[in-house]
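This report refers to the structure that appears directly beneath it.
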């Protein structure tokens, strides 16, 4: 008996080792890429964050000075951090809900669904500068959006010119890009075997029940992905604000990474900007870990 | 057979000695071609065409220099040049932001031009003094003033006529502007505002320009900030008054469209006056070719003193690769800023060149609009270079100005806060650099 | 029984109609940006700045397209862009699938650690790594070439690796186990069994890579010094930051540059039509 189980364990060990080897093999393109392309820039930026690097040869180690100023005496940091959190807290859940809603509706075998899906993906294809003109037009105080609100008797604000409403305007703009989350959910929906729905039909489950008991749990891997990517993206938002409002009016759309970009390339304070970047990374990482931990209990993988 | 062999041997010897002779004669060797890289600011369009022509002329004049050119758009130069300067792969000569020449000089990224200017006998007094000043760091020249711009008052002659105003006379003082605005505002029978007297969009009447026309300045002789002077507060109060005179509705209905396209409401006839830079003429040519407009100097607080305008622009800067290339690059720079070539760009692409002699050209002299531009150049100021925070106008001054315009703060409070923030930024910079 | 199924059929029909109505209403909203772009591209400059707003141009200015495309070497840039896009799609899909598979279906020591590192690499803004990366490529001697824009694609992209990891994990382990016990090599399992089941996910990665490379101007701007080797996204930028922005031309160029992305998206929809039924699964 012992003889047999010894053989089995030996065989399992061999398989384990083979699997581990394959693991590294398959992961090697990324691991090599990490070492060759990513390591140097990342470590450089970490190093710079402890210096007063300003793109010249003339810089020196200043220890934690950047971080100290970042956390105490830079009046723009609290403003930009708040702006970014506001944007993230609003846009991530919104995009989540809208993306799923659209994807579920798009998951039909209706004639012309391909065309319809392409239409919903259109905003992602339009270049940002072409779009900026359009959005200014929509957000005008007597523009399309306010005309629409006027139908319900709401007097819309002067969106992009009003410090209180510029951020919500950018959140709305961001929702238009739900097309990319839509196709991820669509891909996920296609992976749910129709047999599950058929079984539910036999049990007499209604569409809502089916959604919450089957669709949502089986979509959870995609939901986790979109949430994490959404958070990372929202915390780094800046190019839209740069083009649309340039951080204004009165710093209301000065997001953290926009400020970082300015500090780096316009004020030439690359050391300080690097410190900002690392603080952001640590905060994002912490948040992501929290989401993952919350997710492990809820996310269903079939494997 | 023996004689054939001898013949061949002789021919071979002759050939060998010829080759040896030739290689020992440097004068007979082919002349060395020096290749230089040049990054300019015309990716396409008329400017690019003129540049190609100009460079071809240059290479004809100096056949041993080959210029590899690349045109970068506005805003791209920074993104491409900064990494290149850091990595040492920047071109021999490039066109970049005039206002930050001292920045790159400070960091030893660009070449000092004093020796070359002296040897070439270039007369730097023939360029707008403000532009030469801004290219000077520590008493030495680090960039060639290439192109700049200036801002003037544009006014709609048809609107003036309709309002009973003399179409050849523009307001000279800001008080006069208020009077004109009252006459030029038009509301139609439905109560809709269809025309306003002045375009008060912030990037047209920029805070710093307004301040200068009231006698304010932002830096003292020791390079300390002075953002909260009484003159500045007066300027701010005036702009609030002007915005009220134009009417809050203007923004709601007329200026929004301008904000979207970035094209002044002056262009579609909704504003009778605006402050714009000289390049606005080409926008008008594209979008409103029929518009009958006049230009004048920007009004001032009392109409006589404090004449001022704001300019930015382009400089030619150099990186040192080796002596031959540096010399070739300098020759190109000298050529590009020469009166002959500057005039080409002025006439061909309406460029506001830094070479003052270019404005003596008869075509320019005959054009009344260019006369005003040339005069404005005498009063045009360039932003003071602040190493602690190069972006101080937009990141410190502008937000507080906007706060006051929106009524969120009093003008006094706003400028106090701007001053305070500026001092904080300077303090942080000193902390970071151990000064 | 018959009555129940009729009821269900009616319910389904109403449901489907409702969905279509909602989708069509939404479609108008989503179509708006593109229609605006199209409309502006066919206007005269005066119509663009006119008040009140001109929705439909009086006369369609088709010449805006030919003028816009003459501003930069369109066909040349198109060829360059297509090359870059093909290489990136190939490299990214292949490598991201391989690496995603390793994270999802293989057990190896340090896997979770490296996965966290993978996520972390997405969290550092590119602004601070841009210049050191430039210096890195300079030291490789890759400046003024397409190499920095192609080679890194073959190392996999973090977001796509993460995405495929999520999808690979939804396939039951039993599938792989059976194949392994049958003596199938890992590569074979990967290629013949898992990949075909994930066509929608792979199509998604392909679409994303296409979009990203097609619209990327930062990369070409930084690493190319020869204007004949630039891309369409770069050509588009030459309009967008001129001091007298010619909007009618900018929009015309934008429309042209957007069309291939749309065509690709539309054609890749065929991977999203069929769902998987997982028949043949030995329970």
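The values are calculated or read from the model by the stated rules, or taken from the named source; none is laboratory data. Not measured: the values here are computed from a predicted model. Every residue, glycine among them, receives a Cβ derived from its backbone with ideal geometry; neighbour counts consider all protein chains shown.
Go through (1) under 30 Å from residue B:293 (Cβ atoms); (2) within 14 Å of another protein chain (Cβ to nearest Cβ); (3) not in a helix (DSSP H, G or I) one by one and return the number of the condition residue B:381 breaks.
(2)
What are the residues in the stretch C:188-211 that are free of Cβ contacts under 8 Å to residues at least 24 places away in the same chain and in contact with a helix residue (DSSP H, G or I) (Cβ under 8 Å, 6 or more places away or on another chain), if any? Give the derivation first.
From the stretch C:188-211, those free of Cβ contacts under 8 Å to residues at least 24 places away in the same chain are C:188-189, C:191-193, C:196; that's our starting set.
If the condition is that a residue be free of Cβ contacts under 8 Å to residues at least 24 places away in the same chain and in contact with a helix residue (DSSP H, G or I) (Cβ under 8 Å, 6 or more places away or on another chain), then C:188, C:189, C:193 are the ones that fit.
Which of the residues that make up the stretch B:410-435 are free of Cβ contacts under 8 Å to residues at least 24 places away in the same chain and surrounded by fewer than 19 Cβ atoms within 10 Å (Cβ to Cβ)?
The answer is B:410, B:413, B:420, B:424, B:427, B:431, B:433, B:434, B:435.
Taking the condition buried (at least 19 other Cβ atoms within 10 Å of the Cβ) and either under 18 Å from residue A:26 (Cβ atoms) or within 8 Å of another protein chain (Cβ to nearest Cβ) (or both), does residue C:93 pass? Walk me through it before giving the result.
Numbers: buried (at least 19 other Cβ atoms within 10 Å of the Cβ): yes; either under 18 Å from residue A:26 (Cβ atoms) or within 8 Å of another protein chain (Cβ to nearest Cβ) (or both): yes.
Against the criterion (buried (at least 19 other Cβ atoms within 10 Å of the Cβ) and either under 18 Å from residue A:26 (Cβ atoms) or within 8 Å of another protein chain (Cβ to nearest Cβ) (or both)), residue C:93 qualifies.
Run down A:43, A:89, A:85, A:116 and say which single residue is within 9 Å of another protein chain (Cβ to nearest Cβ), touching a helix residue (DSSP H, G or I) at 6+ places or on another chain (Cβ under 9 Å), in a helix (DSSP H, G or I) and surrounded by fewer than 16 Cβ atoms within 10 Å (Cβ to Cβ).
On the way: A:89 fails: within 9 Å of another protein chain (Cβ to nearest Cβ); A:85 fails: within 9 Å of another protein chain (Cβ to nearest Cβ); A:116 fails: surrounded by fewer than 16 Cβ atoms within 10 Å (Cβ to Cβ).
None of the others qualify; the one that does is A:43.
Provide a single number: the residues in the stretch C:57-73 that are modelled with pLDDT of 85 or more and part of a loop (DSSP other than H, G, I, E, B).
7
Could you tell me whether any residue of the stretch A:165-175 is under 17 Å from the mean Cα position of the chain (by Cα) and either within 14 Å of chain B (Cβ to nearest Cβ) or part of a loop (DSSP other than H, G, I, E, B) (or both)?
For the stretch A:165-175, residues under 17 Å from the mean Cα position of the chain (by Cα) and either within 14 Å of chain B (Cβ to nearest Cβ) or part of a loop (DSSP other than H, G, I, E, B) (or both): present.
Can you tell me how many residues within the stretch A:257-303 are within 20 Å of residue A:81 (Cβ to Cβ), within 21 Å of the chain's Cα centre (by Cα) and free of Cβ contacts under 8 Å to residues at least 12 places away in the same chain?
6
Restricting attention to the stretch A:272-288, which residues are more than 7 Å from every other protein chain (Cβ to nearest Cβ) and either touching a helix residue (DSSP H, G or I) at 6+ places or on another chain (Cβ under 8 Å) or crowded, with 19+ Cβ neighbours inside 10 Å (or both)?
Those that are more than 7 Å from every other protein chain (Cβ to nearest Cβ) and either touching a helix residue (DSSP H, G or I) at 6+ places or on another chain (Cβ under 8 Å) or crowded, with 19+ Cβ neighbours inside 10 Å (or both): A:275, A:276, A:278, A:279, A:283, A:287.
Of all residues in the stretch C:218-237, which are within 18 Å of residue C:89 (Cβ to Cβ) and within 9 Å of another protein chain (Cβ to nearest Cβ)?
Taking the stretch C:218-237 first, the residues within 18 Å of residue C:89 (Cβ to Cβ) are C:219-220, C:231-233.
Of everything in the stretch C:218-237, just one residue is within 18 Å of residue C:89 (Cβ to Cβ) and within 9 Å of another protein chain (Cβ to nearest Cβ), namely C:233.
State which residue is farthest from residue C:127 (Cα to Cα) when the search covers only the stretch A:49-66 and only residues that are outside any loop (DSSP other than H, G, I, E, B) and touching a helix residue (DSSP H, G or I) at 6+ places or on another chain (Cβ under 7 Å). Spell out how you get there, then give the answer.
Step one: list which residues in the stretch A:49-66 are outside any loop (DSSP other than H, G, I, E, B), which gives A:51, A:61, A:65-66.
If we keep only those that are touching a helix residue (DSSP H, G or I) at 6+ places or on another chain (Cβ under 7 Å) too, we end up with A:51, A:65-66.
On the way: A:51: 17, A:65: 21, A:66: 17 Å.
Checked the stretch A:49-66; the qualifying residue farthest from residue C:127 (Cα to Cα) is A:65.
For the structure I just gave you, tell me whether residue A:150 is without any contact (Cβ under 8 Å) to a residue 24 or more places away in the chain, surrounded by 21 or more Cβ atoms within 10 Å (Cβ to Cβ) and within 14 Å of chain B (Cβ to nearest Cβ). I'd like the intermediate steps shown before the answer.
On the way: without any contact (Cβ under 8 Å) to a residue 24 or more places away in the chain: yes; surrounded by 21 or more Cβ atoms within 10 Å (Cβ to Cβ): no; within 14 Å of chain B (Cβ to nearest Cβ): yes.
So residue A:150 does not fit the description; no.
Does residue B:262 satisfy the condition of being closer than 26 Å to residue A:135 by Cβ and surrounded by fewer than 18 Cβ atoms within 10 Å (Cβ to Cβ)? Reasoning before the result, please.
On the way: closer than 26 Å to residue A:135 by Cβ: yes; surrounded by fewer than 18 Cβ atoms within 10 Å (Cβ to Cβ): yes.
So residue B:262 passes the test.
Looking at (1) buried (at least 17 other Cβ atoms within 10 Å of the Cβ); (2) more than 28 Å from residue B:307 (Cα to Cα); (3) without any contact (Cβ under 8 Å) to a residue 60 or more places away in the chain; (4) in contact with a helix residue (DSSP H, G or I) (Cβ under 7 Å, 6 or more places away or on another chain), can you tell me which one residue B:141 breaks?
Against the list (1) buried (at least 17 other Cβ atoms within 10 Å of the Cβ); (2) more than 28 Å from residue B:307 (Cα to Cα); (3) without any contact (Cβ under 8 Å) to a residue 60 or more places away in the chain; (4) in contact with a helix residue (DSSP H, G or I) (Cβ under 7 Å, 6 or more places away or on another chain), residue B:141 comes up short only on (2).
Going by what's in this entry, would residue A:102 be described as crowded, with 18+ Cβ neighbours inside 10 Å, away from chain B (no Cβ under 14 Å), over 29 Å from residue C:129 (Cα atoms) and without any contact (Cβ under 8 Å) to a residue 40 or more places away in the chain? Give the derivation first.
Working: crowded, with 18+ Cβ neighbours inside 10 Å: yes; away from chain B (no Cβ under 14 Å): yes; over 29 Å from residue C:129 (Cα atoms): yes; without any contact (Cβ under 8 Å) to a residue 40 or more places away in the chain: no.
Spelling it out, it is not the case that residue A:102 is crowded, with 18+ Cβ neighbours inside 10 Å, away from chain B (no Cβ under 14 Å), over 29 Å from residue C:129 (Cα atoms) and without any contact (Cβ under 8 Å) to a residue 40 or more places away in the chain.
So residue B:328 fits all but one of (1) part of a helix (DSSP H, G or I); (2) touching a helix residue (DSSP H, G or I) at 6+ places or on another chain (Cβ under 9 Å); what number is the exception?
Result: residue B:328 passes all but (2).
Of everything in the stretch C:115-131, what is within 7 Å of another protein chain (Cβ to nearest Cβ) and part of a helix (DSSP H, G or I)? Give them in sequence order.
At the first step, the residues of the stretch C:115-131 found to be within 7 Å of another protein chain (Cβ to nearest Cβ) are C:119-125, C:127-131.
Within the stretch C:115-131, C:119, C:120, C:121, C:127, C:128, C:129, C:130, C:131 meet the criteria.
Can you pull out the residues in the stretch B:225-258 that are within 14 Å of another protein chain (Cβ to nearest Cβ) and either under 16 Å from residue B:415 (Cβ atoms) or in contact (Cβ under 8 Å) with a residue 60 or more places away in the chain (or both)? Explain how you work it out, then say what you get.
Applying the first criterion (within 14 Å of another protein chain (Cβ to nearest Cβ)) to the stretch B:225-258 yields B:243, B:247-258.
Of everything in the stretch B:225-258, those that are within 14 Å of another protein chain (Cβ to nearest Cβ) and either under 16 Å from residue B:415 (Cβ atoms) or in contact (Cβ under 8 Å) with a residue 60 or more places away in the chain (or both) turn out to be B:243, B:247, B:253, B:254.
Within the stretch B:278-287, does at least one residue satisfy the condition of being modelled with pLDDT under 95 and over 21 Å from the mean Cα position of the chain (by Cα)?
Initial filter on the stretch B:278-287 (modelled with pLDDT under 95): B:278-287.
If we keep only those that are over 21 Å from the mean Cα position of the chain (by Cα) too, we end up with B:286-287.
Among the residues of the stretch B:278-287, at least one is modelled with pLDDT under 95 and over 21 Å from the mean Cα position of the chain (by Cα), which makes the answer yes.
Here are some conditions: (1) away from chain C (no Cβ under 14 Å); (2) modelled with pLDDT of 90 or more; (3) not in a helix (DSSP H, G or I). Residue A:96 meets all but one. Which one does it not meet?
Answer for residue A:96: the failing condition is (3).
Take the residues in the stretch A:255-271 that are facing another protein chain (nearest Cβ under 9 Å) and in a loop (DSSP other than H, G, I, E, B), then tell me which one is farthest from residue A:76 (Cα to Cα).
Selected residue: A:268.
Hey, does the stretch B:24-37 have a residue that's surrounded by fewer than 14 Cβ atoms within 10 Å (Cβ to Cβ), touching a helix residue (DSSP H, G or I) at 6+ places or on another chain (Cβ under 7 Å), farther than 20 Å from residue B:325 by Cβ and modelled with pLDDT under 90?
yes
Yes or no: residue A:220 surrounded by fewer than 24 Cβ atoms within 10 Å (Cβ to Cβ), more than 8 Å from every other protein chain (Cβ to nearest Cβ), farther than 25 Å from residue A:71 by Cβ and at pLDDT 85 or above?
Working: surrounded by fewer than 24 Cβ atoms within 10 Å (Cβ to Cβ): yes; more than 8 Å from every other protein chain (Cβ to nearest Cβ): yes; farther than 25 Å from residue A:71 by Cβ: yes; at pLDDT 85 or above: yes.
Criteria met by residue A:220.
Yes/no matrix, rows are residues, columns are (1) modelled with pLDDT under 90; (2) more than 21 Å from the chain's Cα centre (by Cα):
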position: B:208; (1), (2): no, no
position: B:224; (1), (2): no, yes
position: B:231; (1), (2): no, yes
position: B:262; (1), (2): yes, no
position: B:276; (1), (2): no, no
position: B:289; (1), (2): no, yes
